[in-house]
Amino acid sequence: MQKQRAIVSFTKIKENDLAELAKLILSKMTKNAYFTTPNPALATIQTAITAFSDALIKCKDGTKEDTFNKNVKKEILESYLTQLGNYVNSIANGDLGKLDSTGFPVSKIPEPVGALDAPKYLEITYGKKPGEIYAEVGKVEKSKGNILLYMPYPGSEDNQEWYSKLMLKSTGVVTGLKSGTKYVFKAAAFGSESSATNSYNFTDIIEKLIP
């Protein structure tokens, strides 16, 4: 299972919010029993916060040089916060209680997807050559593609006995079918979890007499 971590990228945070977040982290990390040897030192973080906050105020009605100086101070503060966040992650090792005690924003654990819904439709049409069919499968959200199963009528309850074709797109071609034989077809969407657990939800079975 993926562990939660302190988020150590701050590029999308607004400048005013960055200063406030840094102050919160500094407050939470001060005398924090879980993190006794902060790296970098909290005094270094405080100095960077003060320098950035002062530069932020000065550049509002200042010169291009003031804006440049503010951007430099911002990069320095972000760099220190990233370094401190990496230290937090190395100590917390995914412990949510420890992570929450730092003031850092914490990553979310992705919810398991599990078996995906069955495609809403499966269409089987004849190809241009004998023993050839075209398959089109309805798109399923979060899928990486589809798996098409087929075998001579009447089929089998054991999916392992079916022939299979992996379809990374919504359409695919199957060749080499026996002319004059009725086949059955069904399809399912697949993702990383369904593939790992071999869990699929299939469409209704379609019967086709192969020309």
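Only the coordinates and a few stated rules stand behind these numbers; no lab work does. Bear in mind the structure is a predicted one, so any value in this text is a computation, not a measurement. Heads up, the Cβs are rebuilt from the backbone with ideal geometry, glycines too, and the neighbour counts pull from every protein chain shown.
Any idea what the relative contact order of the range 15-100 is, in percent, if you count C-alpha pairs under 8 Å spaced at least 6 apart?
Result for the range 15-100 is 32 percent.
Which cross-chain or sequence-distant (5 or more) residues have an amide H under 5 Å from the amide H of Val106, H modelled 1.01 Å from N in plane?
Ile7
Among residues other than Thr11 whose Cβ falls under 13 Å from its Cβ, what is the net charge (Lys/Arg +1, Asp/Glu -1)?
-1
If you add up the charges near Asp66, with Lys and Arg at +1 and Asp and Glu at -1, over every other residue whose beta carbon is less than 9 angstrom from its beta carbon, what do you get?
Residues near Asp66 contribute +2 overall.
Rounded to the nearest 500, what is the chain's calculated 222 nm mean residue ellipticity when only DSSP H runs of at least 4 contribute -39500 (n - 2.57) each, over all residues?
-11000 deg cm²/dmol
Would you mind checking Lys23/Lys70; Lys129/Lys182; Lys108/Lys139; Lys120/Lys178; Lys108/Lys144 for any pair whose Cα atoms are more than 25 angstrom apart?
Flagged as over cut-off: Lys108/Lys139; Lys120/Lys178.
At q = 0.09, 0.14, 0.21 Å⁻¹, work out log10 I(q)/I(0) for the range 1-126 with the Debye formula, treating every Cα as an identical point scatterer and leaving solvent out; two decimals please.
Those come out to -0.37, -0.65, -1.15, one per q.
Can you give me the long-range amide H partners of Tyr183? Hydrogens built in the peptide plane at 1.01 Å from N, cutoff under 5 Å, separation of 5 or more residues or another chain.
Tyr153, Lys208, Leu209, Ile210
To the nearest 20 Debye, how big is the dipole of the range 15-100 about its Cα centre, given +1 on the beta carbon of each Lys and Arg and -1 on that of each Asp and Glu?
That gives a dipole near 180 debye.
With +1 on the Cβ of every Lys and Arg and -1 on the Cβ of every Asp and Glu, and nothing else charged, how large is the dipole of the range 77-184 about its Cα centre, in debye rounded to the nearest 20?
Around 560 debye, computed over the range 77-184.
Only Lys, Arg, Asp and Glu count, each charged at its Cβ (+1, +1, -1, -1), so figure out the dipole size of the range 122-209 about its Cα centre, rounded to 20 debye.
Magnitude of the dipole: close to 400 debye.
Report the percentage of all Cα-Cα pairs in the range 122-209 whose separation exceeds 18 Å, rounded to a whole percent.
39
With unit charges on the beta carbon (Lys/Arg positive, Asp/Glu negative), name the residue among Ser53, Val72, Ala33 whose Cα is farthest towards the positive pole of the charge dipole of the range 15-100.
My answer, from the dipole projection, is Ala33.
For the residues Ile57, Ile124, what sequence is obtained by ranking on other C-beta atoms within 10 Å, fewest first?
Ile57, Ile124
Taking the alpha-carbon distance from Lys12 and a cut-off under 17 Å, which aspartates and glutamates remain once sequence neighbours fewer than 8 residues away in the same chain are dropped?
Of all the aspartates and glutamates, those that pass the test against Lys12 - Cα under 17 Å, at least 8 places apart if same chain - are Glu20, Glu75, Glu78.
Compute the longest continuous run of the chain that contains no exposed trypsin sites (Lys or Arg not before Pro); treat a site as exposed when its DSSP state is not H, G, I, E or B and it has at most 14 other Cβ atoms within 10 Å.
Counting at most 14 other Cβ atoms within 10 Å as exposed, the longest clean stretch of the chain is 32-107.
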